[in-house]
Structure formats: structure tokens, C-alpha cells
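Notes for the one structure printed next.
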Amino acid sequence: MKLLRLLPPSAAVAVGFVLLAPEESSGFSLLGSKLNLDNRHVRVVDNFSDATANNNLTPDPSFPGATGAALAIWKGCVEWGSIAHGDGGGDPTQLLGSGASNFDCSWQGLATSVLKNCHSELSGSDGGVLAFASGGSFGWNIYYYSGWKWADGPGNPSPGEIDLQGVATHEYGHALGLGHSEFNNATMRPSIIGNGVPSRSIEDDDRAGIQAIYGTLSPNKPLISSVVVAGDSITIEGTGFGDLDNEVWFTRLEPFPTGEPIVAAGIDSTNGGTLIEMDVPDGAGPGDLLVVRDGQGLVRMSNPWPYDAEGDPLPPPGFEQPFITAVDPPMVPNVTLGDELSLTLTGLDLSGTDGISVGGVQLSDYLPQEFAVLGNETVTLKMPLVDELGPVEIRLEKNGLEAIAFVDVTAPSPPVLELGKGGDPEVLFSFFESSLTMGGNPETFHFLWVSPDNLPSTVPELDLGIGNGFSSLVFLGAFELPASGWVQLPLVFTGVEDVTLYFQSAEYDPLVGVGSIDESNVAEAYIAL
């Protein structure tokens, strides 16, 4: 049984939520179980008590027939699939379906009671445990404790909420036979960062683990590339279908105790195993369909494809869902020296981006231009000052659609002092207000000095680069840094002109005392008329 826990407050500041690992491992670890085709179905008992677990009522054409908790959990499960689920849409943070192995699941919608292969909420709590998976090769169940506040996305949860999709992705990895990983960026690591949204996307080590269980994606595996619905008839295009006696699995219209799909059997293909034309069987509802080739082995099941009896299961042309696949650099300090820090977003369908926010700060695409669309796969932006450390959300908007990514914001060490835009020297003007930004560790105090002399002043534990032996050093005050790790001060030089001034701060941590004082850089400013 795999448990998802919350660390004590002192530890949670650093790493967020944590799972109990079964044992020490190097990279991914395996539990020794594997799901055969009879246990590939996934269902949800929607007994979640939080309104936030079911407040997403917007239908998604890539996940027909599902909303709320069921939709979030379905997305978490298909992320482990062999290739992109349909066109990969439905999640603004990523393309869904990236396992590159021979595993795929069969979505079977809602269940009326907790039997086998179900996700459901469990009443109460158990210490710091968030959720857990039980079972193995012959069936599994995943439970989410009601003592936590679950959020169904698709955007970023509010403070105090846990992302249901991210936790479902991790727990379903256990159901597939994966233990924990020691790789820090893996979904199967023993902890999740922040609210769990980064865990939605499996990474290289997770992919290596699922491939170790089910094998690297085989060229013999059936793959669906398109589905066209016309009334009661359906055309399935792809590769690797059997010439004779295929099965086509559908999501059932109504819940079924065992979770078995609606199966159309004895279906032949044409055009060299690339085309299936058939009538839709009775009882098939909106959800997924799969082609299962006749024979033995686990490689004969195709990827799932979104199916809706109303047709047109994917977004129409011209409204492609944007995706952000990488942020460069992935980690930035909250205050930097010199030119403004730029980030590069790489992804798909980014042309037409009409809005970007970072940590809730909306960027301008007009004077001053704070982001630029360089093509369908690249967007650059200027990193603003944000009011939080750790994973900070980047939200990209296009034609009412959204893509979400994260950049890890850290406190600078040693501390940083920046005048204006960080020029060297920075030219400031008398009688005009300028700004001075101090960045460092939260809950420390910064003692700020200014001097016309760029000569050192030194006493034990303090080694300033300015002030000429304290003979021309002016103390400007002590300032406590908030949780964001930065504070900005207005400066006005009234009646001062044609002079160069030097600023420096010293960071003092009251928990450490005078044994550890870190000095900032020296910031130089020329005061002009």
C-alpha cells in the first residue's frame, strides 16, 4: 500500500507533500505487479465531498462525457498512456499521454460503488496521509482522504487545496506497478511540490519505469490516428489492426458493476490493417474507444481515442490548445543584477498568444513590451517581481484557451541590491523618484547604507565595501524581508546632483545571530540634474 503524506510544517516549507517510500532506490523502483488487459479499465466513484473537487463543469472535447473529479482523474490516468491521448489536449500544463510504452487504459466512467479498479474518496483522515493505492496485478483501488480539500483544475488550485489530477497521476503509477523514485523531478518521487500540479506530467524516470514493466512502445502495437463519426457509423484510421476479428472497446453509457467495456467483436480491417469501418454498438457512450487485435499478449491493445456519439471529439481547426513543454531557465532568483531576466517558453500552438501572467502579475504586450511571440513554438517574457518563492505559475492565454507551466523562484544568496534597472552605474535624476530593490532570504533584516566613497569599512563580522572606514557612511534603516524575499524602496534625491553614491546592505538572520552576516553587492548610482 502506497501512502501520500503531508510533511510536518517545518519540513513542508522546503518540499511540500511527501509519500512514504517502500525502500531506498536508485531512480524508479518496481513493485513486481503488472496489469493484464482485463484490469485496464478505470472508473471513478464520485463521492468527493468538496465542492472544489467538482466545480469544473466545462465539457472537454478530448474527454467527452466527464466533468469535475472524474475528468481530473481521467487526465491523470491517460498521462501514462503510450502516445498522446487523441490530440493530447485537455490540460493547459502539458500534452497528455507520454508513457511511450505498451500500456494504455480503458476509461469506463462513473461507478455506483467501490469495487475493483476505482478511484474514490475515503471518509476522514489518517495523520498526514493524503491518498493511497492498494492491490496489484489482479486489480487495484485508489483512495483520497476527505480530510483534505481536493481541487479538480484544470487551472492552479487556490491556497490550501490539493490538485486531484496530480495526485491521481502519482497514485495510478503505483497501480501500474511502480514504486517510488529518487529522482527529484519524477512524478513517482516520494513527495509532491506545492499543490501537486507539477506531478501531472510524468518525466524521463517515470517513463523509464513504465517501459521497464510494459516494454518500450512496440512497432507492432495497434495505434489509432483518427476517428470519424457519422450517425451510427464510425471510421477508425490507424496502423497495426488485425486483418480479421478485432475487438473495439467503448466506454459504457451506464455504470456496470465489473467495469467491463462495451465490446464490438469480430471486426475486420481493410487497407492493410489501417482502416476499420463499423456500426456503433448499442450501449456505447461518450468516452474512449480502443482497438484490440486478436491473439495473445499485452501489445495487441491500441491507444485510447476520444469518442463522442455527437461526433467531432477534438477541437475544431483554428482553436488549437496551446501547450508549454519547457521553461528556460527553469529556476531563477527573485532579484537579479543588471538587465531584466528573460524566460523562454517552448511549446506547441503558441502563435496568437494574447496574454501572459507570472505569479498573478499580468505582463504587457504593448509599451512596455513584456512578452513577445517569436513563432508557433517560442514565446519570451520578462520575469517580473513575484510575491512568492518556490514553484510560480506561468499562465499563457490564447483565444480563451490556457497553457500553464511553472518556474522555480529562489531567494538570492548572497543578498542582492539593485538600483533602478540595475545599470552600472545606474543614472538617476534629482527630484525624480527612483527605486531600490533588496533581495535575500525571507524573515531576515537588511541594514542599508549609502556613501560617496567606494572604500571599505570593516569591523568583526561586517565587511562593507563602502564608507572609507565608516568616516562617510550613512545608515538608511533596517528593513525586514517578507515571505517573497524582496522589498522595494522609493528613493528621491532632492537638490542632489552631479554626484556618485554607493549603496550596500547587510543581511542579518535573527535565528543565527551575528555569527553570520552576508553583505550584498555595491550598487553605484550617478545622480544627475
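The values are calculated or read from the model by the stated rules, or taken from the named source; none is laboratory data. Just so we're clear, the structure is a prediction, and the values are computed from it rather than from any experiment. Please note: Cβ atoms are built from the backbone with ideal geometry, for glycine as well, and neighbour counts cover all protein chains shown.
In the range 334-373, which residues are among the polar types (S, T, N, Q), within 15 Å of residue 385 (Cβ to Cβ) and in a loop (DSSP other than H, G, I, E, B)? 334, 336, 364, listed by residue number. Among residues of the range 56-82 that are closer than 18 Å to residue 151 by Cα, those with a beta-carbon under 7 Å from a residue that is of a type in the set (Val, Ile, Thr) and surrounded by fewer than 24 Cβ atoms within 10 Å (Cβ to Cβ) at least six positions away or on a different chain give the pairs 56/67; 57/67; 59/67.
Of all the numbered requirements in (1) of a type in the set (A, V, I, L, M, F, W, C); (2) touching a helix residue (DSSP H, G or I) at 6+ places or on another chain (Cβ under 6 Å); (3) surrounded by fewer than 17 Cβ atoms within 10 Å (Cβ to Cβ), residue 142 misses one, and that requirement is (3).
Scanning the range 281-296 for residues that are out of contact with any Pro (no Cβ under 6 Å at 6 or more places or on another chain), surrounded by fewer than 21 Cβ atoms within 10 Å (Cβ to Cβ) and over 14 Å from residue 247 (Cβ atoms) yields 282, 283, 285.
Condition (residue is outside any strand (DSSP E or B) and either charged (D, E, K, R) or buried (at least 24 other Cβ atoms within 10 Å of the Cβ) (or both)) applied to the range 120-139: is it met by at least one residue? No, the range 120-139 has no match at all.
Yes or no, residue by residue, for (1) part of a strand (DSSP E or B); (2) within 33 Å of the chain's Cα centre (by Cα); (3) in contact (Cβ under 8 Å) with a residue 24 or more places away in the chain:
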site	(1), (2), (3)
265	yes, no, no
277	yes, no, yes
286	yes, yes, yes
296	no, no, no
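Screening 78, 15 for residues that are assigned by TED's automatic domain parsing to the domain that holds residue 163, at pLDDT below 95 and hydrophobic (A, V, I, L, M, F, W, C) leaves exactly one candidate, 15.
For residue 273, the test of being in contact with a Phe, Trp or Tyr (Cβ under 6 Å, 6 or more places away or on another chain), more than 23 Å from residue 59 (Cα to Cα) and surrounded by fewer than 22 Cβ atoms within 10 Å (Cβ to Cβ) is passed.
Does residue 495 satisfy being under 23 Å from residue 411 (Cα atoms), in contact (Cβ under 8 Å) with a residue 24 or more places away in the chain and exposed (fewer than 12 other Cβ atoms within 10 Å of the Cβ)?
no
Being in contact with a Gly (Cβ under 8 Å, 6 or more places away or on another chain) and free of Cβ contacts under 8 Å to residues at least 24 places away in the same chain holds for only one residue in 456, 442, and it is 456. Residues of the range 208-260 that are assigned to a loop (DSSP other than H, G, I, E, B), buried (at least 16 other Cβ atoms within 10 Å of the Cβ) and aliphatic (A, V, I, L, M): 217, 253.
Would you check if residue 463 is of a type outside the set (A, V, I, L, M), surrounded by fewer than 14 Cβ atoms within 10 Å (Cβ to Cβ) and part of a strand (DSSP E or B)?
Yes, satisfied.
Given the condition of a type outside the set (Gly, Ala, Ser), farther than 27 Å from residue 44 by Cβ and touching a helix residue (DSSP H, G or I) at 6+ places or on another chain (Cβ under 7 Å), answer yes or no: does some residue in the range 176-183 qualify? Yes, the range 176-183 contains a residue that is of a type outside the set (Gly, Ala, Ser), farther than 27 Å from residue 44 by Cβ and touching a helix residue (DSSP H, G or I) at 6+ places or on another chain (Cβ under 7 Å).
Looking at residue 84, is it at pLDDT 90 or above, in a helix (DSSP H, G or I) and either under 27 Å from residue 290 (Cα atoms) or of a type in the set (S, T, N, Q) (or both)? For residue 84, the condition - at pLDDT 90 or above, in a helix (DSSP H, G or I) and either under 27 Å from residue 290 (Cα atoms) or of a type in the set (S, T, N, Q) (or both) - is not met. Filtering 89, 124 for residues that are touching a Ser or Thr at 6+ places or on another chain (Cβ under 7 Å), at pLDDT below 95 and at negative phi leaves a single hit, 89. On the basis of being out of contact with any Gly (no Cβ under 9 Å at 6 or more places or on another chain) and not hydroxyl-bearing (Ser, Thr, Tyr), does residue 280 make the cut? For residue 280, the condition - out of contact with any Gly (no Cβ under 9 Å at 6 or more places or on another chain) and not hydroxyl-bearing (Ser, Thr, Tyr) - is not met. Picking from residues in the range 329-358 that are of a type in the set (Val, Ile, Thr) and over 16 Å from residue 411 (Cα atoms), the one that is surrounded by the fewest Cβ atoms within 10 Å (Cβ to Cβ) is 344.
Answer yes if at least one residue in the range 466-475 is in a strand (DSSP E or B), surrounded by 18 or more Cβ atoms within 10 Å (Cβ to Cβ), in contact with a strand residue (DSSP E or B) (Cβ under 6 Å, 6 or more places away or on another chain) and not assigned by TED's automatic domain parsing to the domain that holds residue 337, and no otherwise. Scanning the range 466-475 turns up no residue that is in a strand (DSSP E or B), surrounded by 18 or more Cβ atoms within 10 Å (Cβ to Cβ), in contact with a strand residue (DSSP E or B) (Cβ under 6 Å, 6 or more places away or on another chain) and not assigned by TED's automatic domain parsing to the domain that holds residue 337.
Quick check on my filter: what residues within the range 161-194 are assigned to a loop (DSSP other than H, G, I, E, B) and at pLDDT below 90? Scanning the range 161-194 gives 184, 185, 190, 193, 194.
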